[in-house]
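A short worksheet on the structure shown next.
No lab work stands behind these numbers, since they all come straight from the coordinates. Bear in mind that the values here come from a model prediction, so they are computed numbers and not experimental data. Heads up, the Cβs are rebuilt from the backbone with ideal geometry, glycines too, and the neighbour counts pull from every protein chain shown.
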Amino acid sequence: MKLFKEIFISIFIFFFSSNLILAENKIVYLNVDKVMAISKAGKSLKTQLDKIHKSNIKNFKKIEEKLKKDEKTLIAKKNILSQEDFKKEFDKLRNEAQKYQQKRSKSIQDVNSKRINASKKIIELINPLLAQYADENGIAIIISKKNIIMGQSQLDISDEIIKIVDSKIKPFTLK
């Protein structure tokens, strides 16, 4: 009976102490979008992507204006040209418009691909910094703010991580 009590007390103490240990684990959250938007590296990438996007839009507007001008010219020549010549010119214009649409789609895909790759690269660079930060501060879990409905603001480590990212990750150029 005495042995049974000692085992029972030992098991009770073990479970009680393990719950205390688990209760002391620190859980925090991080706003990754904020880090990407405010950090120097994130701002640099956003600026580069915006510049590429604006350049593409400018080029596309020029091409669209040329296509519209060519269309108006062709419509004006409709009565002057023979039906065969008009059809040839119309087919030529349609091919140019299709090439333009393909070029525009490819350009949009390229920009999106660059955005995704740049985001992945920054996340890859941030992950070791987060692991180090967690080790130094006794943090058990870092959760993305996107997955939290409500949390205490003192558990948000975004501003601290932005400072670390700015000091450790230098802005880089897109390829």
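Points worth noting:
- Our helix-only sum for the chain, with -39,500 (n - 2.57) per DSSP H run of n ≥ 4 divided by its residues, gives a mean residue ellipticity at 222 nm of -27000 deg cm²/dmol.
- Nearest-ten-degree value, helix 158-168 long axis tilted from longest Cα axis of the chain: 70
- Approximate spin-label separation Lys87-Ser113, in nm, with each point projected 7 Å along Cα-to-Cβ: 3.9
- The aspartates and glutamates whose alpha-carbon is closer than 20 Å to the alpha-carbon of Lys92, local same-chain residues fewer than 8 away aside, are Glu64, Glu65, Asp70, Glu71, Glu84.
- Loop-resident trypsin sites (Lys or Arg not before Pro) (DSSP state other than H, G, I, E or B) in segment 67-96 with no more than 14 further Cβ atoms inside 10 Å of their Cβ: Lys77, Lys78.
- Top of Gln48, Gln101, Gln154 by mean-square fluctuation, Gaussian network on the chain, Cα under 10 Å: Gln154
- Cβ-derived FRET efficiency at R0 25 Å, Ile148 paired with Asp50, nearest 0.05: 0.30
- Listed pairs Lys58/Lys168; Lys61/Lys114; Lys26/Lys121; Lys34/Lys175; Lys43/Lys66; Lys54/Lys121 exceeding 31 Å between Cα atoms: Lys58/Lys168; Lys43/Lys66
- Distant-in-sequence amide contacts of Ile139, defined by a placed amide H-H separation under 5 Å and a gap of 5 or more residues or a different chain, comprise nothing.
- Alpha-carbon gyration tensor eigenvalues x 5, square-rooted, for the chain, Å: 64, 20, 12
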